[in-house]
Amino acid sequence: PRHMDSVLDILDALESPARGGSPGTAVALGRGLGVCSTPGCRAVLGEPLGTPDRHPALTPGQWQLLTELLHHDPATPELGAVLTPDGSTVALGPLLAGIEAGLRSGGFGRPLPILDPPADPLLAVTITEALGTSFLLAQGGDNNATALGPGGCWDDVENPQNYTLRGPPSPVPDPVAIGAMDGAVLGARLARGPLLVAELLRGYYGTGNGSGAGRPPSSYRRRNFGALAGQGRLEKEVAAVLELLRTLSPTSELLRDLGTQEVAAVAQRAAREFSERYVECPAIMPRCLWGARPYRGTPTPLQPPLGSVFLHHTLEPSQPCQTFGACARAMRDMQRFHQDTRGWDDIGYSFVVGSDGYLYEGRGWHWVGAHTKGYNTQGFGVGIVGDFTATLPDPDTLALVRDELLPCAVRFGHIRPDFILHGHRQLGHTDCPGNALFQEIQSWPGFQ
């Protein structure tokens, strides 16, 4: 399966000292198989040494999977991605490029070159070259050209084989953005001292198709990448890498008619839009990833921007879910209860918040829900998984709703800037969202 667990099995074999492996084995193979095929990345990491033969530690099936995942083809970016235990989809190219840059800047292998003009090598091979190029191409194309996204869906999260993008791809679809952030975060970690790559990735993503006990570090990637390269630094580094691309072929053609100020404007837009989408706003797990059944009947469209947000707790399950596997199960259970027992068309909530760091799409931004009787057309219903009668969700989960979801919903035009936040109990005969949570939200922006 195209799951990070399969990649970890391959890395274990490649890095086994008994078979002559080391942290650099996988990285060197990755370069030979097509990771880092762009001009800027090659300027940083150097030219590959040629196409390698199958490594004796790998079975023919493992070798075939590895070559498919690492062969860079801009026309089919979805082929280079794997599903990770935290439920996100990661492109291996920028991930491995960041790992190589981190190992080399930490003293493992050849030193990295000093770039002229100067640019951060780790950010160049993970995100800034891809981001700058993408926004340059979008600017030169038609007005509908997109520079970021889309996301996509796996055919089966238990046995992922095929990933399909949900729209025309930009040079930075979601898996590339996520792989780039992970490559930057993990490369920065490796710069402090080498680790076996399998050990590093296993600790970061968790293991076993999301069945681990707690929230993995990878679910904090947005926060950690933001700390490493906030919008101001990202803008500076995109501008720097574009000036580097001016000196390289064939990208010099792209920049031939652009002055320094125009390059600065591209960098500013790229950094702002990337930060808004992937750093400041929460990731939303689409219905296809948690295994939703189809909607029954015909959904009724909402008319955004809406004026209200209604906060709920799910009560059942009563325990917060801390992993993708547990939250996806909770979503399927709630949908089954809402459809089969209550007779509704679908799960009632617009969105559900797990304690794994993710939002789960219920009826989403576009369709009327069944969450707050009498008010469903007026606002979005957001449920937090758990029973919050006596205890609160953890601080990260509260911050996800208060500081990320609500401001981003305003920014992208889903709710009005003067929206009103209500607890469910204010609009019906219920204890929802629990005494502890209702007390908490009374200090939040928009509460009335």
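Return yes or no: is Gly206 modelled with pLDDT under 95, crowded, with 24+ Cβ neighbours inside 10 Å and not aromatic (Phe, Trp, Tyr)? Yes: the conditions hold for Gly206.
A single entry from Ala177, Ala227 fulfils the requirement of being free of Cβ contacts under 8 Å to residues at least 24 places away in the same chain, assigned to a helix (DSSP H, G or I) and either within 26 Å of Glu273 (Cα to Cα) or in contact with a Cys (Cβ under 9 Å, 6 or more places away or on another chain) (or both): Ala227. Residue count for the stretch 1-36 under the criterion of being part of a loop (DSSP other than H, G, I, E, B) and surrounded by fewer than 17 Cβ atoms within 10 Å (Cβ to Cβ): the result is 3.
Among Gly21, Gly40, which is in the same structural domain as Ala119 (by the TED database) and under 29 Å from Thr128 (Cβ atoms)?
Working: Gly21 fails: under 29 Å from Thr128 (Cβ atoms).
Answer to the check: Gly40.
Within the stretch 151-178, the set of residues being touching a strand residue (DSSP E or B) at 6+ places or on another chain (Cβ under 8 Å) and charged (D, E, K, R) comprises Asp155, Arg166, Asp174. Only residues that are open to solvent by less than 80 Å² (accessible area, probe 1.4 Å) and at negative phi were counted in the stretch 43-90, giving 33.
Residues are listed down the side, and each one gets a yes or a no for (1) assigned to a loop (DSSP other than H, G, I, E, B); (2) at pLDDT 95 or above; (3) open to solvent by 10 Å² or more (accessible area, probe 1.4 Å):
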| site | (1), (2), (3) |
| --- | --- |
| Ala326 | no, no, yes |
| Ala330 | no, yes, no |
| Asp340 | no, yes, yes |
| Trp365 | yes, yes, yes |
| Gly383 | no, yes, no |
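Residue check: Lys236 meets all listed conditions (1) within 20 Å of the chain's Cα centre (by Cα); (2) of a type in the set (Lys, Arg); (3) at pLDDT 95 or above but one, namely (1). Of the residues making up the stretch 331-354, those that are over 21 Å from Val309 (Cα atoms) and out of contact with any helix residue (DSSP H, G or I) (no Cβ under 9 Å at 6 or more places or on another chain) are Asp333, Arg336, Phe337, Gln339, Asp340, Thr341, Arg342, Gly343. Residues of the stretch 385-439 that are part of a strand (DSSP E or B) and among the β-branched types (Val, Ile, Thr): Ile415, Ile420.
Within the stretch 126-169, take every residue that is hydroxyl-bearing (Ser, Thr, Tyr) and closer than 21 Å to Ala264 by Cα and give me the one that is most open to solvent (accessible area, probe 1.4 Å).
Only one residue tops the list, namely Thr146.
Among the candidates Thr260, Thr251, the residue that is within 30 Å of Gly24 (Cβ to Cβ) and either outside the structural domain of Ile127 (by the TED database) or open to solvent by 10 Å² or more (accessible area, probe 1.4 Å) (or both) is uniquely Thr251. Listed conditions (1) outside any helix (DSSP H, G or I); (2) under 15 Å from Gly307 (Cβ atoms); (3) open to solvent by less than 60 Å² (accessible area, probe 1.4 Å); (4) in contact (Cβ under 8 Å) with a residue 12 or more places away in the chain are all met by Ala370, apart from (2). Of the residues Pro113, Pro117, the single one that is in contact with a Leu (Cβ under 7 Å, 6 or more places away or on another chain), open to solvent by 20 Å² or more (accessible area, probe 1.4 Å) and either touching a residue at least 24 places away in the same chain (Cβ under 8 Å) or closer than 16 Å to Glu47 by Cβ (or both) is Pro117. Hey, among the residues in the stretch 273-318 that are over 16 Å from Arg411 (Cα atoms) and aromatic (Phe, Trp, Tyr), which one's most open to solvent (accessible area, probe 1.4 Å)? Residue satisfying both the conditions and the ranking: Tyr295.
Do you know which residues across the stretch 185-200 are small (Gly, Ala, Ser) and assigned to a loop (DSSP other than H, G, I, E, B)?
Within the stretch 185-200, the first condition is being small (Gly, Ala, Ser), and the residues that meet it are 187-188, 191, 193, 198.
Matches in the stretch 185-200: Ala191, Gly193.
The values are calculated or read from the model by the stated rules, or taken from the named source; none is laboratory data. Keep in mind that this is a model prediction, so the values were computed, not measured. With ideal geometry, Cβ positions are generated from the backbone for all residues, glycine too; neighbour counts draw on all protein chains shown. Note: areas computed on protein heavy atoms with side chains; ligands, DNA, RNA excluded. Shrake-Rupley method; radii C 1.70, N 1.55, O 1.52, S 1.80 Å.
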